[in-house]
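To start, the structure itself, in structure tokens.
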Amino acid sequence: MNPSSIAKYRPFPPVSLPDRTWPDRTITTAPIWCSVDLRDGNQALPQPMSIEEKLEFFDLLCRVGFKQIEIGFPSAADTEFNFCRRLIEENRIPDDVTIQILVQTREHLIRRSFEAIDGAKRAIVHIYNSTSPLQRRVTFGDASREDIRQLAIDGAKLVKELVPTIPRTEVVLQYSPESFSDTELDFALDCCNSVIDVWQPTPEKKMIINLPDTVQWTTPNIHADMIEWMGRHLKNRESVIVSLHTHNDRGTGTAATELGLMAGADRVEGTLFGNGERTGNLDIVNVALNMNSHGIETGLDFSDLPALRAVYERVTRMTVGERHPYAGELVFTAFSGSHQDAIKKGLDRREKETKDNPGIAWGVPYLTIDPQDIGRSYEAIIRINSQSGKGGVAWILDREHGLDLPKTMHPQVGKTIYDLADQRGRELSVDEIRDAFYELFANVETHLAVSDYELIHHTTERGTVECTATIVLDGGEKQITGKGNGPINAFVHAMEGIGLKDFKVTDYRSHAVRGGSDASAAAYVQVQHDDGRILWGCGIDPSIEMAGLKALVTAWNLLRQD
Ligand code: KIV
Ligand code: ZN
């Protein structure tokens, strides 16, 4: 989102329950973001990206505003290595972007990784080894804690030794106790502190300790407690950036990250739309837009989310689900009538309130953010189907087609349009709704039509208007004349003159049609038949007087329909 859009959202509310044991916490600033789309995301694709696709994705991530981008595992495969070299040799890395590479704590892989990043202005070397009891037993064949800690130390020492061999590159060091989420805390701490001892970071040259929620085994609050504990016990905390790397096995990647930030983490790794192993990595778009929606600037620009999503879907061949937070096709669509009514009220009220107070906080029922702030359009917010409430059709006609129907006309029009949706067995598009309204409620000429009129304003009888109109009644043309206190009243008397008086006019409204290509007026006339039936007709015409006559004629014709 753009900073100017973000300003209108309310800060996270301070939560203060009298009996809570947790300290009051909230998120007030954004973390350092690191995209792992090109590594964790790419390695999880059924069909990994080609180098050209990766280059396109890398550019996209830079445009979004990521300053740290993990570009892969260059020691693992030639494509990964070559991609890294192309970025560096073709000068494709913006000066303010730091690439990150991942490597296991294994000697030949670490050496090859240094060859890959040589010449980059700045690179994060991210080493990891798995630390959990399960991985120690199964993957490392009953390795002891000491064996695993030693792996970390040896890897850290080798990295430290290799840093001076690539003097053109400023190297930032990162260590992950992989499977941290399933590791005994004291042992995870031991591994991390051992690496900190080797690398000796300073507040001026910090290192990163990344604490992966590799497989989520627990609830987000426990994850946050673990992060908090690590933050309190890590050596040289002021020289260490604590980083989160959540996955989504329990469907709580976002929650775990948000709570982890409240627990003191400084940095977040994740991917666009949550791509990644199994259920995926953290969806950074989700967390960043959650922050935006509480007025927090994140440095990431998701103001054209549909365009971003289109590139993502094309190059990853993944799809974003219809209900995916912020990005899903349906997330700004209200099907329920009561929701539609409330949204209409909210948007109308906001339009009025922002005229006097442009900075007023966003507050529209059911819409956590203004869809326009992320490139979504209001057009798609409400679709009409047979289950929708009466306000939905009126909302569409108003917002999309500039027709502000009188409130008491909403049920009459709503019911007919919903019946139509029912008959067709599907939702109606906004254009179909307009067409149906024009066909069924505006300028209807089934029995009677008015083709021309002339008004004479009598100066002798003040306030009296004489209307002479050419009408077509059941195929025959006629001239009729009548007098009244206005054009409609005069026309009613003219109709009475030829025996067409079985009704009375009970209400009348008019307005200019907003946004139309020709400057048209819309008029609405409500009539009551002698048998008690009440209904509205609409007239649309460049002349406001003719629009009024057409509205009356429409209502009269509608009285004659079954
Ligand atoms: O999920 C994970 O544990 C990882 C590490 C390699 C950081 O991706
Ligand atoms: Zn991961």
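All of the numbers you see were taken from the coordinates with simple rules; none came from a lab. The model shown is predicted, which means the values in this text are computed figures rather than measured ones. Cβ atoms come from the backbone with ideal geometry, glycine included; neighbour counts cover every protein chain shown.
Figures for the structure shown
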{"read-out": "Low-density loop positions, trypsin sites (Lys or Arg not before Pro), the range 280-351 - DSSP coil, at most 15 other Cβ in 10 Å", "value": "Arg317, Arg323"}
{"read-out": "Helix-only CD estimate at 222 nm, as mean residue ellipticity for the chain, using -39500 (n - 2.57) per DSSP H run (n ≥ 4)", "value": "-12000 deg cm²/dmol"}
{"read-out": "Dipole of the range 48-185, positive end: most advanced residue of Gln174, Leu102, Ile117 [Cβ charges, Cα centre]", "value": "Gln174"}
{"read-out": "Those lysines that a straight Cα-Cα span of less than 29 Å connects to Lys160, excepting residues fewer than 8 apart in one chain", "value": "Lys67, Lys121, Lys205, Lys206, Lys235"}
{"read-out": "Distance violations [Cα-Cα > 28 Å] among Lys8/Lys344; Lys352/Lys483; Lys483/Lys550", "value": "Lys352/Lys483"}
{"read-out": "The range 76-107 versus the range 464-530: alpha-carbon centroid distance in Å", "value": "76 Å"}
{"read-out": "Per-residue Cβ neighbour rank within 10 angstrom, fewest leading, Thr26, Thr368", "value": "Thr26, Thr368"}
{"read-out": "The range 448-561: C-alpha gyration tensor shape, a/c 1.5 cut-off, then a/b vs b/c", "value": "rounded"}
{"read-out": "Cα gyration tensor shape for the range 128-269, rounded if a/c is under 1.5, else prolate or oblate", "value": "oblate"}
{"read-out": "Restricting the range 452-505 to GluC sites (Glu not before Pro) in coil, as DSSP defines it, with at most 13 other Cβ within 10 Å", "value": "Glu461"}
{"read-out": "Per-q log10 I(q)/I(0), the chain, q = 0.12 Å⁻¹ (Debye; single scatterer per alpha-carbon; no solvent)", "value": "-1.09"}
{"read-out": "Positive dipole terminus of the range 425-493, leading residue within Val492, Val450, Leu440 (C-beta point charges)", "value": "Val492"}
{"read-out": "Cα gyration tensor category, rounded, prolate or oblate, for the range 28-316 with a/c compared to 1.5", "value": "rounded"}
{"read-out": "Loop-located trypsin sites (Lys or Arg not before Pro) in the range 403-477, at most 14 other Cβ atoms within 10 Å (DSSP)", "value": "Arg426, Arg462"}
